[in-house]
Amino acid sequence: MSWIAWTMPFDFEEPIWLWLCLLVPILIAVSIRSLAGIEPIRRVLSIAVRCLLVVLVAFCLAGVQSVQRNEDLTVLYLMDRSHSVQEMQEKQEQFIIESTKEMPPDDRAGMIDFARNAYLQQLPMRGGYFIAPGRLPVMPNTDRTDIATAVRLAMAMFPHDTAKRIVLMSDGNDNMGDLLTEARRAKANGVPVDVVPLQYRRSNEVFFERLIAPTHASPGEQVPLRMVLNTTKPVSGTILVYRNGDLLQMPSDQSRVSLKPGRNTFFIKIPIESEITQSYEAIFRPDRQSDDSVALNNTSRAFTFVSGSSRVLVISGGLPDDQPMVDALRSENVLVDLVTPAELGDFLLPDMMSYSTIVLSNVPAASFTEAQQEALAIYVKDMGSGLIMTGGDEGFGAGGWIGTKLEEVMPVTFEIKHKRVIPRGALVLIMHSCEIARGNFWGKEMAKKSVDTVSSQDYIGVLTYTYSPGGENWEVPFDRNRNKSAVKAQIDRMQMGDMPDFGRTMQMAYKELANGRGRDAAQKHVIIMSDGDASPPSPKLLADYKKAKITVSTIALGWGGHVFQPTMIKIAKATGGRFYAARNPKQLPQIFTKESKVVRRPLIIDEPFQPVTINPNSDLLAGGAISGSMPPLGGMVLTSPKQSPNVVVPIVRATDDGEDPVLAHWQYELGKTVAFTSGYWAHWGQQWTGWPKFAKFWAQIVRWTMRQDTPANFDTYTKIEGNRGRIVIDALDKDASYLNNLAAQARVIGPNNEVIPTRFMQTGPGKYEAVFEVTKAGQYLANVRMSDQGRDLGTLRTGLTVPFSPEYRDLIPNEALLRQVVDITDGRWLDQGPMQADVFSHDLPLTEARKPAWEWVLAWLLLPLFLLDVAVRRLASWLALSIAVEVVVLFVMLFGLGVWYGAWWGILGAILLAELIGWTIRFRYIGPIFDYMTHSVTALGRAGERSAASLDKLKDVRERVLDEREDVGKEKLERISQDDEPVSIKTAKRKYEATGGRVAGRSGDLSATLGGAQSEEKSQGKPKSKPGETKPEEEQEDATSRLLRAKRRARKDIEE
Amino acid sequence: MTYEQLNLVALELSTFNPESVPLFSMLICRHAFTVPLLIIIFAVGCNPSASTTRDVLAVFGRTGFGDGDFSYPRAIAVSPDGSVYAVDKTARVQKFDSNGVFLLGWKMPDRAAGKPIGLSVHRDGRVFVADTHYHRVVIFDPMGNQLATFGELGTGDGQFQLPTDVAFDQQGNVYVSEYGGNDRITKWSPDFHFLSAMGEKPIDGVRLNRPAGIDIDVEQSLWVADACNHRIVHMTLDGETLATYGEMGRESGKFRYPYDVDVSSSRMVMVAEFGGDRLQWLDKKGRFLQTWGSSGRKPGELSAPWGAAYGPNKNVYVVDSLNNRVQIIKP
């Protein structure tokens, strides 16, 4: 039916319903008969309206749409701002400016720039391109090019009612996303992609294509490192190789190299000396800097897992405290490394993977960065390793571990959830808006972190200065920290103002902590975050704080300078708190965790107790071999076992108030974790270190948690292919025959600890492959759990390194890809200048915008016409009818067609048209109606005279006819008079027609014509006169006088 | 409706006498009295000095970093020639003509540690900026060329903690207010040598707490906006207290963080209330005269005003800090 759209401004969604229009002739036929009783004009009008109604109903059912054709064009420019074309931004801007200079006034131009992400810089707008050259915001993440995302964004940004065109300016070195799919989508939507190719050729470029090291090796083995370098012209330089951060000394014939144009490969062999994961970094330094244009691509990395005996890492909060345990483990032949958190440095997942189990012995959460905590959790649950946490005053909840990622993997929660009454802590945060960039953001982030760290039993409140109207307020009311997410949401909504004075907020905090709800708290602490330029509190208030044992720590947010420190130092010093000058935002989480922890001291039980074995058959107690009577312990940290069937609690501290876990363990996802809430051997566990079973006890626990080693008969290798990483596993059994139909469950962890979805497929006999996206440079670790029909075969560790983005290795544009896009979308290759390109040429098919119009038809045509139809048939008065028609026409024109919202002459025209129609209907009846309206006696009298005169004429005619009839068929008439009844029925049926003959009586006819219903009633009530009894003279008198009588009666009635 | 019925209605309407229906007449009478009464109550009962947009002559500046834009402007001063200077949180001093047309602007020499919160114009046209976070006062000529600085960090003679405002007496001496633990006002000679310090002792039992704005009137007495004590202190140029006015509150004559005071008008003291989002006028005896402004973003409304100054034709330039604009009003 779209041919309609090309001829008329509407179309139909389901034209089949238009067959309903065939009902029109039937309707006409039926209506002519059923409306036979009304006057011809009304009948015609009514039938016409009804036919129109049927047609409109058919239109509505067919889903009538209005079609607007538009000749305008929208062009969206996509500007490549990735690293490979960073020096060509000016050229691209110039192209846009030049090509939009003479664009047609109704066309629109918009601009999207892209690298890794795409950003809309100018909405499609009429009038040109409005961004001044060089004023584009800085593009983040230029290390990748994702043209597909830019095309997708452009498709979403096009207005729907114009022709569309994309002008892509790029070198075509696309290294993310799927451009061709996006191009096909554009084609399907009728959007051509014109390409402006950005041409360049890097003649001076060297890049380190790959460093290849074996994934696994054994101690003592010589590991071959293969280095692949690529250059555009002969270059000489030096290769430096670092192992685990240390520079390897290589003979000069190996480190000094001369590269020929193209690919160059070098080998070196490096012995493996330790049992930890070896990570290698190789750097090429050209002798002359001018030989190389991009320095970012001269480095490559790789790593090798060293298989050997499983090692355990003990991270200790206090080295002497943990020495007894380490000695005990070594005596049981467990390989142990002992370090402090400070010695760890940049300790991330690949480093952790050198160990099968990590023990956190009395280490606070603040010793680790958030990324390290997250990596520890992944180390357990995804990499299948073991983790043991032991207590001390810095362990578990007391160490600020509440709400961390690590709590999730432990068998106990660090909160006290059961009924016990324990002393509570109370924390108040006072937040001051900071002048540094994003100061308030960091303030809020840290406040939220405190909310996580503080247990739900403790009190927390946040005070700040808010504007409008200005004043200090409890933005988070001081209350128990029960609903952490609600409190965090409140913090997010908080508007921090420029607080004039510390005194008032500190006074408010004091009121709650000393005399309010926080009165009973065992630990009361205030943290002030500020840049120090609020007015200091009075010495009296500080003295009150000290007296009430409320400590205040102050954190200066200023990244170095920009903090007025004296006030903050004074407050911290006077109240026994600490002052921190945060030098960068990264320090803040640790400061906050440490500070919030202050209120968690009540979680520590510092009194001796006798541990009780309640589950002697636990794996950790060697099936009961170690249980039995144990020496007493000097203290512990309170925790609650998790509500999971996997959690086993073999040893507890039994009190009247319930049992607190001392030892708990479980398997969590792939890994195993153990919580020993006591420990702290020099203080709480002196008697344990002398216990004969101490060594056996710990060796048993450590061995239970250790990661299972790789099955020797499985071989893995990895590869980078453009944007993808590939892992291949060859599975052989003992007899070197292929293992088929194995299930491989893989976890791939990216450089930012993100889990990358991966699936293994069997691609050949005993061969399994998985492909995953590598979108960032860095190390990717994979843990693959192999199983054969539910039987666990072990876990494989592997990984690969993406040294740098492919963006940095592009030497020439990828013209082939761009040509392909042009071919797919029927676009143009615009390698000529901007003026010749004719970007705004109107050679695209016109666009149609279709809008459903059936609601409009229903509301503005169907309903008014329906009312009109009723009016035509029911409104006896022509005046009323004409007014009804007039109102409907006016209403539809003013509001339905929207004339009301237009110019005044439109409104005037609508009124004139409606009046014209109205008066046309009224025209024939204007005289009598005028009389009727004035209804003066004279007018009535004249009307009477006129009637009388016309009556005379009528009478004569009838007399003549009657006489003729009487003469011609008297007998026939007599027969009719005998058969009186059917005739009277016929008369009644045709009450509006002038009755011929003598049947109803002549006087009845006249009164019916002039007196309306009343007369008709009378005529019906009158005894019927028989034919032949006609008395013309009497009737003539009668008619006039009866008419007058009737009128008088009517008036009388009205007056009464 | 039939003709008869229509007639009936018409008859009824023509013969209807409202007085004959007791309830109806009562309603009419009541409204005749109560409506005007209500209007009178509303018109008279409201605070007659409440701000109206009618008082706003112009609003200039919008959020941004361009010329004539503001990012949290915090101090304003009008020079004798009618040009207006304002300093904002990007450490830019901008100069406007009396109608708010941007003339020129310059950046403070050092900005990393913090931005200035006060400035004043000497009657010879020099601009004195209280460079708060650099513990000094920086002096510029009207074209923005730096002329001199004085002051350094400390609590001793010739030292500042966080200077907030500058004022001048008839002899050309310079007065600087400061806070940060040693809240006081220091007096400097016209060639910027330290002369004396005042306000270091409690005034009416309370030490100055963040004197955020100072001004000297024609009678050569010093007015101090003692912000965190929510009061105005009137003192002689030798530091002798004459009176203190106000306490914390939202009522007339009370203050919430008064951040600036201006006494260039001979009869009145104008106070800008940072926490109260309004300007308040007192007479020289501290009696409340009127207020202007309420919290909001519309013209005639204020959000955290840090300062206000009298300009040509007794117009008031109020720096509407959080709304990043200056309003010129004629209260």
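Within the set of other residues whose C-beta is less than 15 Å from the C-beta of B:LYS95, count the net charge using Lys and Arg as +1 and Asp and Glu as -1.
Values: positive: B:ARG92, B:LYS107, B:ARG126; negative: B:ASP67, B:ASP69, B:ASP81, B:ASP88, B:ASP97, B:ASP141.
So the environment of B:LYS95 carries a net charge of -3.
Over chain A, what relative contact order in percent results from Cα pairs under 8 Å that are six or more residues apart?
Numbers: 2098 pairs, mean separation 126.5, N = 1056.
Taking the mean separation of contacting Cα pairs over the length of chain A, I get 12 percent.
Let me understand region B:248-294 better: what is its radius of gyration from the alpha carbons, and its Dmax, in angstrom?
For region B:248-294, the Cα-based Rg and Dmax read 9.6, 26 Å.
Which order results if A:MET636, B:MET235, B:MET248, A:MET169 are arranged by neighbouring Cβ count within 10 Å, fewest first?
Numbers: A:MET636 28, B:MET235 20, B:MET248 15, A:MET169 24.
Starting with the residue having the fewest Cβ neighbours, the order is B:MET248, B:MET235, A:MET169, A:MET636.
Roughly what angle does helix A:904-922 make with the longest principal axis of chain A, taking Cα atoms, 0 to 90 degrees, to the nearest 10?
Taking Cα atoms only, the helix is inclined about 30 degrees.
Distances longer than 24 Å among the Cα atoms of region A:1-113: what percent of all pairs is that?
The answer is 60 percent, as a whole percent.
Where does each of B:CYS228, A:CYS51 land when they are ranked from fewest to most other beta-carbon atoms within 10 angstrom? Before the final figure, lay out each step's value.
Working: B:CYS228 26, A:CYS51 17.
Ordered from fewest to most neighbouring Cβ atoms within 10 Å, B:CYS228, A:CYS51 come out as A:CYS51, B:CYS228.
Using only atoms on other chains, find how many Cβ atoms lie within 10 Å of each Cβ of peptide A:529-535 and report the average.
Details: counts 0, 0, 3, 4, 9, 5, 14.
What the average comes to for A:529-535 is 5.
Return the subset of A:LYS444/A:LYS570; A:LYS547/A:LYS570; A:LYS511/A:LYS540; A:LYS488/A:LYS546 for which the Cα-Cα distance in this structure is over 19 Å, preserving the input order.
Working: A:LYS444/A:LYS570 24 Å; A:LYS547/A:LYS570 16 Å; A:LYS511/A:LYS540 14 Å; A:LYS488/A:LYS546 30 Å.
Check vs 19 Å cut-off fails for A:LYS444/A:LYS570; A:LYS488/A:LYS546.
Below 13 angstrom from the Cβ of A:ARG69, what's the summed charge of the other residues (Lys, Arg +1; Asp, Glu -1)? Display every interim value, and only then the final one.
Details: positive: A:ARG850, A:LYS851; negative: A:ASP11, A:GLU71, A:ASP72, A:ASP161, A:GLU848.
With Lys, Arg at +1 and Asp, Glu at -1, the neighbours total -3.
Can you pull the mean other chain C-beta count within 10 Å for peptide A:845-855? Let's see the in-between values first.
Details: counts 0, 0, 0, 0, 0, 0, 0, 0, 0, 0, 0.
Neighbouring Cβ atoms belonging to other protein chains average 0 per residue here.
In region A:548-599, which chymotrypsin sites (Phe, Trp or Tyr not before Pro) fall in coil by DSSP and have 15 or fewer other Cβ atoms within 10 Å?
Working: sites: A:TRP559, A:PHE564, A:PHE579, A:TYR580, A:PHE592; in loops: A:TRP559, A:PHE564.
For chymotrypsin sites (Phe, Trp or Tyr not before Pro) across region A:548-599 that sit outside H, G, I, E and B with at most 15 neighbouring Cβ atoms in 10 Å, the list is empty.
With no solvent and one equal point scatterer placed on each C-alpha of region A:604-739, evaluate the Debye formula and give log10 I(q)/I(0) for q = 0.10, 0.14 Å⁻¹, two decimals.
Each listed q corresponds, in turn, to -0.49, -0.71.
Report, as an integer, the average count of C-beta atoms from other chains found within 10 Å of each Cβ along B:271-282. Walk me through the numbers before you get to the answer.
Values: counts 0, 0, 2, 6, 9, 3, 4, 1, 0, 0, 0, 0.
Mean inter-chain Cβ contacts per residue within 10 Å come to 2.
Find out how many positive minus negative residues lie around A:LEU588, taking Lys and Arg as positive, Asp and Glu as negative, among other residues whose Cβ is under 9 Å from that of A:LEU588.
Values: positive: A:LYS449, A:LYS586; negative: A:GLU445.
Summing Lys and Arg as +1 and Asp and Glu as -1 gives +1.
When you take every Cα atom in region B:68-108, what is the radius of gyration, and what is Dmax, the widest Cα pair distance, in Å?
Cα-based Rg and Dmax for region B:68-108 come out at 9.3, 26 Å.
Quick one: give the max-minus-min coordinate of the C-alpha atoms of region A:106-240 along each principal axis, largest first, in Å.
That gives 74, 31, 24 Å along the principal axes, largest extent first.
With angles folded into 0 to 90 degrees, how steeply does helix A:588-597 sit against the dominant principal axis of chain A? Use alpha carbons for both and round to 10.
It works out to around 80 degrees.
Going by alpha carbons, how many degrees (0 to 90, nearest 10) lie between the helix axis of A:1032-1055 and the longest principal axis of chain A?
40
Give, to the nearest whole percent, the P(r) tail of region A:837-925 beyond 18 angstrom, counting all Cα pairs.
Percentage above 18 Å: 59.
Quote the convex hull volume per residue of the protein assembly as shown, based on C-alpha atoms, as a whole number of Å³. Let's see the in-between values first.
Values: hull volume 481.4 nm³, N = 1387.
Measuring per residue, one finds 347 Å³ for the Cα hull of the protein assembly as shown.
As an exercise, find the ratio Rg/Rh for region A:166-225 from alpha-carbon atoms, using the Kirkwood inverse-distance average for Rh.
Details: Rg = 21.2 Å, Rh = 16.3 Å.
For region A:166-225, the value is 1.30.
Compute the Rg to Rh ratio over region A:515-651 from the alpha carbon atoms, using the Kirkwood formula for Rh, and round to two decimal places.
Values: Rg = 22.3 Å, Rh = 18.7 Å.
Computed over Cα atoms, the ratio is 1.19.
For region A:452-497, just list the percent of Cα-Cα distances falling in each 10 Å bin from zero outward, please.
28, 51, 19, 2
What order do you get for B:131-137, A:195-201 when each peptide is scored by the mean count of other beta carbon atoms within 10 Å, highest first? Provide the component values of the computation, followed by the final result.
Values: B:131-137: 25.3, A:195-201: 18.0.
Output ranking for B:131-137, A:195-201: B:131-137, A:195-201.
Only bridges whose two residues both fall in the protein assembly as shown count here: according to DSSP, what percent of them are antiparallel, nearest 5?
Working: 201 of 273 bridges.
DSSP beta bridges in the protein assembly as shown are roughly 75 percent antiparallel.
Cα centroid distance between region A:49-112 and region A:12-28, in Å?
Here the answer is 36 Å between Cα centres.
Where the eigenvalues come from the Cα gyration tensor of region A:194-241, what are the semi-axes √(5λ) of the equivalent ellipsoid, largest first, in whole Å? Could the numbers behind the result be given before it?
Numbers: eigenvalues 251, 53, 7 Å².
Each semi-axis is the square root of five times an eigenvalue, giving 35, 16, 6 Å.
When a footprinting reagent is the concern and you count Cβ atoms within 10 Å, what order do B:ASP262, A:ASP544, A:ASP733 take, fewest first?
So the ranking, lowest neighbour count to highest, is A:ASP733, A:ASP544, B:ASP262.
Any idea what log10 I(q)/I(0) is at q = 0.18, 0.19 Å⁻¹ for region A:448-571, Debye with uniform C-alpha scatterers and no solvent?
Cα-only, vacuum Debye calculation for region A:448-571: -1.05, -1.17.
So what's the gap between the Cα centers of region B:91-106 and region A:704-765, to the nearest angstrom?
Their Cα centres are 68 Å away from one another.
Using only the Cα atoms of region A:715-853, what are the Rg and Dmax in Å?
23.9, 76
Sort B:209-215, A:668-674, B:56-62, A:171-177 for me by packing, meaning the mean count of neighbouring Cβ atoms within 10 Å per residue, highest on top.
B:209-215, A:171-177, A:668-674, B:56-62
Quick check of the Kirkwood formula: for region B:266-331, what is the inverse mean of 1/r over all pairs of different Cα atoms, in Å? Walk me through the numbers before you get to the answer.
On the way: mean 1/r = 0.0848 Å⁻¹.
One over the average 1/r among Cα pairs gives 11.8 Å for region B:266-331.
Laboratory data are not the source of any read-out in this text; all were calculated from the coordinates shown. Keep in mind it's a predicted model, so treat the numbers as computed, not measured. Cβ coordinates were reconstructed from backbone atoms using ideal geometry, including for glycine residues, and neighbour counts include every protein chain displayed.
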